Amino acid sequence: MVHIYIDADACPVREETYKVARRHKTPVTVVSNSFLRVPREPLIQFVCVSDAFDAADDYIAERADPGVLIVTSDILLAERCLKSGASVLAPTGKAFTMDTIGGQLATRAIMADLRAGADMPTIGGPPPFKDRDRSRFLEALHLWLTKAV
């Protein structure tokens, strides 16, 4: 069965996900380690996990399988879910795939090493989230749901 899981901590596209999921009558589970307000609708469920390290990631990864779409910007979670056969979409609309995840993990490791360097200037995180990212996400989610159903 088609299902969407949102790694909800700091996810900027929850409302957009609800909107598209309603149109496609697709269930959504929002997973976080702290309370979040979600619409009270039959298709939308909120799960609050413990504040243990990676508890939300573990909950989502345990449910990742073919027919499931994970919305996350977490590369490590994306890799775990892809290995289980799930599809993974970043809030920017970019799909994580088995063909690209290796390079993304390598880039993540390099950036972590650079940030850890004591003599290195501050290296920023990802670019700011923009309206065009939101638009790409909406399009990518709609296309995924259209193909999945």
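The values are calculated or read from the model by the stated rules, or taken from the named source; none is laboratory data. Bear in mind the structure is a predicted one, so any value in this text is a computation, not a measurement. With ideal geometry, Cβ positions are generated from the backbone for all residues, glycine too; neighbour counts draw on all protein chains shown.
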Checklist line | Residue under evaluation Pro27, criteria (1) closer than 22 Å to Leu138 by Cα; (2) crowded, with 19+ Cβ neighbours inside 10 Å, criterion not met | finding: (2)
Checklist line | When residues of the range 1-51 are limited to those that are among the small types (Gly, Ala, Ser) and not in a strand (DSSP E or B), the one nearest to Thr146 (Cα to Cα) | finding: Ala21
Next item on the list: Six or more apart or on different chains, Cβ under 7 Å: which pairs go from a residue in the range 132-149 that's among the aliphatic types (A, V, I, L, M) to one that's assigned to a helix (DSSP H, G or I)? Could you list them?
Entry: Leu138/Glu16; Leu138/Val20; Leu141/Thr17; Leu141/Val20; Leu145/Val20; Leu145/His24; Val149/His24
Note to self: Contact list please: Cβ distance under 6 Å, first residue in the range 80-100 and touching a residue at least 40 places away in the same chain (Cβ under 8 Å), second residue surrounded by 22 or more Cβ atoms within 10 Å (Cβ to Cβ), pairs at least six apart or on different chains.
What the structure shows: Ser87/Leu69; Leu89/Val71; Pro91/Val13; Pro91/Phe137; Gly93/Phe137; Ala95/Leu89
Next item on the list: Hey, can you tell me all the residues within the range 42-60 that are modelled with pLDDT of 95 or more and exposed (fewer than 10 other Cβ atoms within 10 Å of the Cβ)?
Entry: Pro42
Check: Is it true that Arg108 is in a helix (DSSP H, G or I), at pLDDT below 95 and not aromatic (Phe, Trp, Tyr)?
Finding: yes
